[in-house]
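Chemist: Please find one structure pasted underneath; my questions will follow.
The values are calculated or read from the model by the stated rules, or taken from the named source; none is laboratory data. Everything numeric here is computed off the predicted structure, so don't read it as measured data. When we count neighbours, we look across all protein chains shown, and the Cβ atoms used for this are built from the backbone with ideal geometry, even at glycine.
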Amino acid sequence: MEKQVMEYASGNEMAAIAIQQIGYDLMGYYPITPSTQIAENLDVMRANGETDLIMVAAEGEHSAAGICYGASVAGGRVINATSANGLLYALEQFPVQSGTRYPMVMNVACRTVSGPLSIKGDHSDIMYLLNTGWPILFAATAQQVYDFNIIALKLSEAVRLPVAVAYDGFFTSHQKLRCYRFENEKVVRDFIGEKKEEYPFLDLEHPISVGSYMNEPDIINNRYQLHMAMEETRELLPKLFADYTKLSGRSYGKVEGVGCQDAESVLFLLGSSYDTSIEVIEKMRKEGRKVGAATLHVLRPFPAKEISTFLASAKKILVADRQDSYGAGGGNLSLEVRAAMQKCGSGVAIKSLVYGLGGKDFFPEDVELMLEWLEDETKPDFAYYGVTPGDVNQEKDTPLVAPVTRDMTQIGATKVEIEKQESESKDGTLHSNMETLKVTGATPNAVTAMPARIAPGHGACPGCGIPVNLNLLLRGIEDPVVFLFQTGCAMIVTTAYPKTSFRVPYIHNLFQNGAATLSGVAEICYRKQEKGEIPKGDIIFVMVSGDGGLDIGMGSALGTALRGHRLLIFEYDNGGYMNTGYQLSYSTPMGAKSSTSHVGKEQYGKTFFHKDMPKIMAATGISYVATVAESNPTDFMKKAAKAAYYAKTCGTAYIKAISACPLNWNDQPATERKVIEAAVNSCYFPLYEVENGITHLSYDPEKMGKKIPVIDWLSMMGRTKHLQKEQYASIVAKMQQEVDSRFAELKKRVISE
């Protein structure tokens, strides 16, 4: 047995340690709770020079899976980590990886699949992976997460299949326990061995084509070979477990149990719940009861033979599923255990319970209650456990907050008129009879009578810019509003069930599909108005995005803009994936430290420039694009009024606000207005609009004598304060050059008025 040292660590931390010791080449990833800590811990190691792992922060899980596939085809050792809807978003990539037989490992910190949105742990995500051709190992403890990561790569390269290591989100991913790791990483690398490529993709002297088009009979032969690889996995796993036992002293099998040697009543659980059951089962057995508990460490290939042998003495089995295969009379684990026992000819009685959805806690007393339920002949074969009834006497039509109606918002504080003017750009191009909008009113004093369409009582952090920016946006819009919020802080702090902060219609969809979803809402509204099914009248459809939502959701937003749906996309840019713990986004400033762009001897924070989303949106040719800031409130509200006009008459409009996040910017809530103003005055966030293709600069710090170096703004926030040090002078110089270049290019497009 090789020498080991103790770590007090969580499952995610043990996964990161294993990944570092293995010496992977590349990680393609996208942050999603609760798997994000793996990438965060690896980035700390990378910043400190403890690993040379290439970490590629994709703009979404689908691309992360593609990055991993490309890297594995090229011959690299590749790792990924994901959860829940992230796994589903990447799902179509997984059969590509297995079907072309390229090895890699992916950690899945299991989590509830939405909607409704929940970030807690259950098994509804991992079951989607069952039919993708990936072997799946399931770890019940943080120690097993470490061990299975090492075994998984050796298995993956031996059978030439990608392998998933799954474990319970939060229960296993975040809870810390005493674990052991090998002291010398050479032990790990020697166990796995050198990577061998039978057909190297980058051998230019012997080129190969990967992923060819196939018809029958080739495709069925391909699938048969995949089946045979899975059967090879079935035979190889016991040997790998045995070899690892010699190395570590820890013994694993496909099936594990307590008291199952003579148990008549067996509780079958997956993941951390099995750990909870052990003490209870041992106590009950001391009392003379023939009970047991069992779990799986291998979901694919499914160990049907091992299960039937392991549970040979059982007369009754209760399979508890932390997910449901809706309409099938049980979750996937339940259905497969039933099939396994039937296949072996067992007449054992099997019942199924769905429990613990959305991370609902599982306590020792639940073990006793489940066994009582199993042994009660009057109980049905399938049910949900832990369901609580609602109040049937509650008034169904009583709103939690009073709605805001059309007559309440049309207060006449803002007036929008079409204006023609003749102007020329600085390159001398004449624009005669150019139509623009003239907005009058829309001052802070004029709009004080505007009712709040988002009610008080949200859970945003003190100093958060989201409520401020939404309030300013809505004060400039007098027409009724329908909201769609993408996943993010703004969504989470305003809609915690069963209460909502919205006094207007509201819908949520995930990051990657918000704009398309709102397009569908808008088109049906217009159709219903034409058919007379709902009253006619202007409605402004507003998609609210932030927290990196227009990274992963950029494709959907661009598609919506190119189609020209009549709606407004509003982006609050807080410069990171804040709702998952501040990972870098494409709008994070260069040099900023985040939980995936740490500062250390080998790293200075984020390594590339911030994305210019307004310029990207303007390139689609939509009628109106604008940038706004709370430091210039009148300008903000007037642009909101313009955007609303174009959204209801012409097509897609877009507004971007710079939005403070004191928690992650690491500054003081009371100073945020000054920090925002400094971002504007440094020209990092210039205020302008592109109206019908014509650019207008709303505020020129140079002309006003207020322009400041970008470092003056960066030094106001803890996330970028380190850039003041002399060692980062070259980074600041690059940042200043980029900001100046973008502002100069913007001014060249500006129309002289």
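Chemist: Being under 21 Å from H62 (Cβ atoms), at pLDDT 95 or above and surrounded by fewer than 21 Cβ atoms within 10 Å (Cβ to Cβ): is that true of G564 here?
Modeler: Numbers: under 21 Å from H62 (Cβ atoms): no; at pLDDT 95 or above: yes; surrounded by fewer than 21 Cβ atoms within 10 Å (Cβ to Cβ): yes.
Taking the combined requirement at face value, the residue does not satisfy it.
Chemist: Oh, and also: Checking S325 against (1) more than 12 Å from Y385 (Cα to Cα); (2) polar (S, T, N, Q); (3) surrounded by 19 or more Cβ atoms within 10 Å (Cβ to Cβ), which test does it fail?
Modeler: Tallying (1) more than 12 Å from Y385 (Cα to Cα); (2) polar (S, T, N, Q); (3) surrounded by 19 or more Cβ atoms within 10 Å (Cβ to Cβ), S325 fails exactly one: (3).
Chemist: Given the conditions (1) under 28 Å from A592 (Cα atoms); (2) buried (at least 20 other Cβ atoms within 10 Å of the Cβ), report the number of the one that I54 does not fulfil.
Modeler: (2)
Chemist: Still on this structure: So A592 clears everything in (1) outside the structural domain of A641 (by TED's automatic domain parsing); (2) of a type in the set (G, A, S); (3) more than 27 Å from V739 (Cβ to Cβ) except one condition, right? Which one?
Modeler: Of everything listed in (1) outside the structural domain of A641 (by TED's automatic domain parsing); (2) of a type in the set (G, A, S); (3) more than 27 Å from V739 (Cβ to Cβ), A592 misses just condition (3).
Chemist: Considering only the stretch 714-737, I want to know if a residue exists there that is outside the structural domain of N632 (by TED's automatic domain parsing), in a helix (DSSP H, G or I) and either touching a Cys at 6+ places or on another chain (Cβ under 6 Å) or among the β-branched types (V, I, T) (or both). If you could, list the steps in order and put the result at the bottom.
Modeler: To start, the set of residues in the stretch 714-737 that are outside the structural domain of N632 (by TED's automatic domain parsing) comprises 714-737.
Filter once more, so that each one left must be in a helix (DSSP H, G or I): 714, 721-724, 726-737.
From what is left, the residues that are either touching a Cys at 6+ places or on another chain (Cβ under 6 Å) or among the β-branched types (V, I, T) (or both) are 731-732.
Yes, the stretch 714-737 contains at least one residue that is outside the structural domain of N632 (by TED's automatic domain parsing), in a helix (DSSP H, G or I) and either touching a Cys at 6+ places or on another chain (Cβ under 6 Å) or among the β-branched types (V, I, T) (or both).
Chemist: Also, quick follow-up: Checking the conditions here, which among A640, A629, A670 is in contact with a strand residue (DSSP E or B) (Cβ under 6 Å, 6 or more places away or on another chain) and either in the same structural domain as T695 (by TED's automatic domain parsing) or charged (D, E, K, R) (or both)? Give the derivation first.
Modeler: Values: A640 fails: in contact with a strand residue (DSSP E or B) (Cβ under 6 Å, 6 or more places away or on another chain); A670 fails: in contact with a strand residue (DSSP E or B) (Cβ under 6 Å, 6 or more places away or on another chain).
The conditions single out A629.
Chemist: Let me ask you something else. Restricting the stretch 688-724 to residues that are of a type in the set (G, A, S) and within 22 Å of K747 (Cβ to Cβ), which is surrounded by the most Cβ atoms within 10 Å (Cβ to Cβ)?
Modeler: Residues of the stretch 688-724 of a type in the set (G, A, S): 693, 698, 705, 715, 718.
When the remaining residues are screened for being within 22 Å of K747 (Cβ to Cβ), the result is 693, 698, 705.
Values: G693: 13, S698: 18, G705: 7.
Checked the stretch 688-724; the qualifying residue surrounded by the most Cβ atoms within 10 Å (Cβ to Cβ) is S698.
Chemist: With the checklist (1) loosely packed, with under 14 Cβ neighbours inside 10 Å; (2) in a loop (DSSP other than H, G, I, E, B); (3) assigned by TED's automatic domain parsing to the domain that holds Y274 in hand, flag the one item E372 doesn't pass.
Modeler: Here E372 clears every test but (2).
Chemist: Right, next: With respect to the numbered conditions (1) part of a helix (DSSP H, G or I); (2) over 30 Å from M1 (Cβ atoms); (3) out of contact with any strand residue (DSSP E or B) (no Cβ under 9 Å at 6 or more places or on another chain); (4) touching a residue at least 24 places away in the same chain (Cβ under 8 Å), which one is the sole condition not fulfilled by L240?
Modeler: Single failed check for L240: (2).
Chemist: Further, regarding this structure: Would a scan of the stretch 616-626 turn up a residue that is of a type in the set (V, I, T), farther than 30 Å from D43 by Cβ and free of Cβ contacts under 8 Å to residues at least 60 places away in the same chain? Spell out the reasoning first.
Modeler: Applying the first criterion (of a type in the set (V, I, T)) to the stretch 616-626 yields 616, 620, 622, 625.
Restricting the remaining residues to those that are farther than 30 Å from D43 by Cβ gives 620, 622, 625.
Subset that is free of Cβ contacts under 8 Å to residues at least 60 places away in the same chain: none.
No.
Chemist: Identify the single condition in (1) over 30 Å from Y146 (Cα atoms); (2) exposed (fewer than 13 other Cβ atoms within 10 Å of the Cβ); (3) not assigned by TED's automatic domain parsing to the domain that holds A340 that N222 does not satisfy, given that it satisfies every other one.
Modeler: Exception for N222: condition (2).
Chemist: Given the residues K593, K606, which is the only one that is at pLDDT 95 or above and closer than 20 Å to M554 by Cβ?
Modeler: On the way: K593 fails: closer than 20 Å to M554 by Cβ.
K606 is the lone residue from the list that is at pLDDT 95 or above and closer than 20 Å to M554 by Cβ.
Chemist: Hey, T517 hits all of (1) of a type in the set (V, I, T); (2) more than 23 Å from N471 (Cβ to Cβ); (3) at pLDDT below 95 but one; which does it fall short on?
Modeler: The single condition T517 does not satisfy is (3).
Chemist: Now for a separate question. Conditions first: (1) more than 16 Å from F541 (Cα to Cα); (2) among the hydroxyl-bearing types (S, T, Y); (3) in contact with a helix residue (DSSP H, G or I) (Cβ under 6 Å, 6 or more places away or on another chain). T634 passes all but one, so which condition is the exception?
Modeler: Here T634 clears every test but (3).
Chemist: Would you list the helices (runs of 4 or more DSSP H) that sit entirely within the stretch 1-80 and hold 2 or more residues that are on the phi < 0 side of the Ramachandran plot and touching a Cys at 6+ places or on another chain (Cβ under 9 Å)? It would help to see each step written out before you state the result.
Modeler: Values: elements: 11-22, 36-47, 61-73.
Of the helices (runs of 4 or more DSSP H) lying wholly inside the stretch 1-80, those with at least 2 residues that are on the phi < 0 side of the Ramachandran plot and touching a Cys at 6+ places or on another chain (Cβ under 9 Å) span 11-22.
Chemist: Considering only the stretch 403-433, state which residues are part of a strand (DSSP E or B) and at pLDDT below 70. Break it down stepwise before answering.
Modeler: Initially, the stretch 403-433 is screened for residues part of a strand (DSSP E or B), giving 414-425, 430-433.
Scanning the stretch 403-433 gives Q421, E422, S423, E424, S425, L430, H431, S432, N433.
Chemist: Find all pairs meeting these conditions: Cβ atoms under 7 angstrom apart; at least six residues apart or on different chains; first residue within the stretch 727-753 and closer than 18 Å to S715 by Cβ; second residue assigned to a strand (DSSP E or B).
Modeler: Filtered contacts from the stretch 727-753: Y728/Y604; I731/Y604.
Chemist: Which condition from (1) without any contact (Cβ under 8 Å) to a residue 12 or more places away in the chain; (2) part of a loop (DSSP other than H, G, I, E, B); (3) not polar (S, T, N, Q) is the one that K186 breaks?
Modeler: (2)
Chemist: Another question, if that's okay. Mind telling me which of the residues L137, L117 ends up being touching a His at 6+ places or on another chain (Cβ under 7 Å), under 22 Å from Y274 (Cβ atoms) and either in the same structural domain as T500 (by TED's automatic domain parsing) or of a type in the set (A, V, I, L, M, F, W, C) (or both)? Walk me through it before giving the result.
Modeler: Numbers: L117 fails: under 22 Å from Y274 (Cβ atoms).
Result of the check over L137, L117: L137.
Chemist: Could you please find all residues in the stretch 646-681 being outside any helix (DSSP H, G or I), polar (S, T, N, Q) and buried (at least 19 other Cβ atoms within 10 Å of the Cβ)?
Modeler: From the stretch 646-681, those outside any helix (DSSP H, G or I) are 650-661, 666-668; that's our starting set.
Now drop any that are not polar (S, T, N, Q), which leaves 652, 659, 666, 668.
Of everything in the stretch 646-681, those that are outside any helix (DSSP H, G or I), polar (S, T, N, Q) and buried (at least 19 other Cβ atoms within 10 Å of the Cβ) turn out to be T652, S659.
Chemist: Go through the residues of the stretch 36-44 one by one and say whether even a single one is assigned by TED's automatic domain parsing to the domain that holds N222, without any contact (Cβ under 8 Å) to a residue 40 or more places away in the chain and closer than 28 Å to E602 by Cβ.
Modeler: Kept after step one, since they are assigned by TED's automatic domain parsing to the domain that holds N222, are these residues of the stretch 36-44: 36-44.
Still in the running and without any contact (Cβ under 8 Å) to a residue 40 or more places away in the chain: 41-42.
Among the residues that remain, those that are also closer than 28 Å to E602 by Cβ are: 41-42.
Checked against the condition, which is being assigned by TED's automatic domain parsing to the domain that holds N222, without any contact (Cβ under 8 Å) to a residue 40 or more places away in the chain and closer than 28 Å to E602 by Cβ, the stretch 36-44 yields at least one hit.
Chemist: Next question, about the same structure. Residues that are of a type in the set (K, R): list the strands (runs of 3 or more DSSP E) wholly contained in the stretch 277-363 that include at least 2 such residues.
Modeler: Values: elements: 291-296, 298-300, 316-321, 349-354.
Those strands (runs of 3 or more DSSP E) do not exist here; none qualify.
Chemist: A further question on this structure: Checking the condition modelled with pLDDT of 95 or more, at negative phi and among the basic types (K, R), which residue from R503, R475 passes? Working first, answer last.
Modeler: On the way: R503 fails: modelled with pLDDT of 95 or more.
Testing whether each residue is modelled with pLDDT of 95 or more, at negative phi and among the basic types (K, R) leaves just R475.
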